[in-house]
Amino acid sequence: MLARVVREVEAAVARRSAMPDVHAKFQVVALLAREERTRVKADETLSDAKRSEELKRLDGIATILAQTAARDPRLFDLLGEDAEISDSAEELKRELQRRAGYDVPEPEVLGVIDPDQVLAERRAIPQSVIARQLANPFLAPDFDSGYAVRKPTGRLATWELLGPLFRSFEDTTPGAPVCMELPEEPGMVMVPPGRELMKHQAQLVEAAAEGHRTFLLADEPGLGKTAQALLAAQTAEAYPLLVAVPNVVKTNWAREVELWTPSRRATVLHGDAMDVDGFADVFVVNYEILDRHIGWLGQHGFRGMIVDEAHYIKNKTSQRSQNVLELAERIRKRVPHPLLMALTGTPLINDIEDFRAIWQFLGWIDDKKPTAELMAELDDTGLTPADRSFYPTARQVVVDMGIVRRRKVDVASDIPARRIADVPVELEGEAGRSIRKAEEDLARRLVERYDRALETRRNQTIIEGIDHDLVRQVATWEREDISTESGENVFGMLRRIGQAKSGLAADYAAQLARNAGKVVFFAKHIDVMDTAEETFAARGIKSVSIRGDQTKSAREKAIDSFTNDPEVQIIVCSLTAAGVGINLQVASNLVLAELSWTDAEQTQAIDRVHRIGQTEPVTAWRVIATQTIDTRVAELIGSKAGLAARALDAEVEEGDGGFDLQLEALVGLLSGALEKRETTTLF
């Protein structure tokens, strides 16, 4: 039995799956092997030959453990005599012992949490949290909620299901389901005086009131996801509530708690959080410091957890994702039916498997398969992945688990229209000549790679004209080649274009501010933001900025000044630092000085302005450098539906498949160069 489990761990680590459940299995195998070795050595009933055979088998398991830990050095920490054993590892250990025929006593019910134990597990535990634990010593797991998880029949136990489930969203058709069934006529939702919910918001809160507890809330940005989540938590009485968010929106969440649920107290964790209020109802923590607090957070008795901008956890191998998944698992162990909500307007950015970590956080799947509730629903369909109808049916089943996706055009028709308008500019002088030469060099390098690849082909069918499959392969090689020894790559080129057009973009924003009122100016790079602020100062236009290195007070001051001070006409924003979680609807014009590599990033920026409460039509002015690759990138962003639109909104055009903007830009550059060469050759 131990050999089988250790092989599972070895395989998981080999494919770089370092999730908490893999860590738990690794630690449990080590513990049981250690205990078994002690038992075998002390067992006087065994012959020397039998004892030697057993010890040899245990040595084999130890060897696999050591080889596996060499792949992931973090696992060595779990082998120490003083290593902390998590709740999940303790439960797994008991389960394996039961399978082996041991008589395993049930664990004692936990009482007051021992602060020394928690401190040993992680680096920080606030004193007020210790006080709260001492004041409320009965934090035992809640197994009396009356909620029973359905058990699957086992019909699909031998099928690999995660791949087909993801494909059911990738290979979609127009009209496919995008939102779970919600109450058509929501009941009365209690909101504070002066606050009002739109119907789509009240519908989700009513679903929580009716007992639904897991939501992937993927409404388009600007439709009030924060308010929905907080009121759903209040309706479900999911307190204390843990909210994990990007650092830039941490204080905003505390303000939203005060606005929407004023009877509840929020506390925000900063650093070691020694000033946190351990008796608060809502605990707001940014992803970056979860590792410092995961020990006491996992034992604090949370009845709900919200993950904001949930696409931040898409990389399951990151420490951020592992911490979030471990906390969700600990909450599920203590509360059989907790409220778990993943909030993101852009759940899919690069790949359909961006869903994986979010679904695991919600408890719909584990690292290998659907969990019991989803498996039972799939059982009920009577279908398998071998059936063509499995895919649309499975999609519906997953959507009904709690996917909620609404678009502004469908539920908030009173929000004014938005449009994206391109402002072409020509790069002149030395900067423009340098960029055009760099682009020509890149195109020439791509053509040379293409020609070399053609020459190395032997005994293959000759293709007349341009081999478009080879073009795509060459573009892939170039994108994956991060070195710049042979010349500038496409990423550096686009950055230089942004720098070259920064002054022109700032000039345009200044004109807008003088003629149309407040303007939001978005850029990707600090030097572009610096140029813009210098330009505005030279024009006598007062501006403020939002940057990634600001303190929270400086950030709040900038937003308040832009919102309330009529003399502040422009706010200069980093796409990374200000692209999520803030409200800038006091403006109706924004300038995108640099293009994004994803449609999602551009959309997030626009939706800081185009959101509930906006009364003016919104225009996003994209500054495009003509006669450069900038134009091609702008065309690609505008012509292709985003991945979320295809997978969740079922907006599918014929031939619309997966889309990689960098790759397509390089394909276009190489194809254009080859076509130009062919034309020159012909004439």
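Values quoted throughout were computed directly from the atomic coordinates according to the rules given, and no laboratory measurement underlies them. Remember, predicted model here, so these are calculated numbers, not experimental data. Here the Cβ positions follow ideal geometry from the backbone for every residue, glycine too, while neighbour counts run over all protein chains shown.
Which of LEU259, LEU590 comes first, and how do the rest follow, when ranked by fewest Cβ neighbours within 10 Å?
Values: LEU259 15, LEU590 26.
Fewest to most other Cβ atoms nearby, the residues stand as LEU259, LEU590.
What is the ratio of the Cα radius of gyration of region 492-640 to 2.2 N^0.38 Å, with N the residue count, to two decimals? Let's see the in-between values first.
Values: Rg = 14.3 Å, N = 149, 2.2 N^0.38 = 14.7 Å.
Cα-based Rg divided by the globular estimate yields 0.97.
Of VAL398, VAL249, the sequence from fewest to most neighbouring Cβ atoms within 10 angstrom is VAL249, VAL398. In whole Å, what is the distance between the alpha-carbon centres of region 239-268 and region 27-42? After rounding, the separation between the Cα centres reads 46 Å.
Ranked by how many other Cβ atoms sit within 10 Å of their own Cβ, fewest first, the residues HIS270, HIS293, HIS212 fall in the order HIS270, HIS212, HIS293.
So if I average 1/r over every pair of distinct C-alpha atoms in region 329-409 and take the inverse, what Kirkwood radius in Å does that give?
Values: mean 1/r = 0.0702 Å⁻¹.
Kirkwood hydrodynamic radius for region 329-409: 14.2 Å.
Here the label points at ASP549 and TYR102, each 7 Å from Cα along the C-beta direction, are separated by 5.4 nm in the simple model. Checking the Cα-Cα distances for LYS25/LYS369; LYS408/LYS552; LYS250/LYS557 against a 20 Å cut-off, the pairs over it are LYS408/LYS552. With 0.36 nm allotted per residue and the present C-alpha distance subtracted, the ALA417-ARG444 stretch has 5.4 nm of extension available. Here the extension length gained between GLU160 and ARG34 equals 42.0 nm, from 0.36 nm per residue of separation less the Cα-Cα distance. So if I take the centroid of the Cα atoms in region 361-387 and the same for region 294-310, what is the distance between those two points in Å? Cα centroid to Cα centroid, the span is 25 Å.
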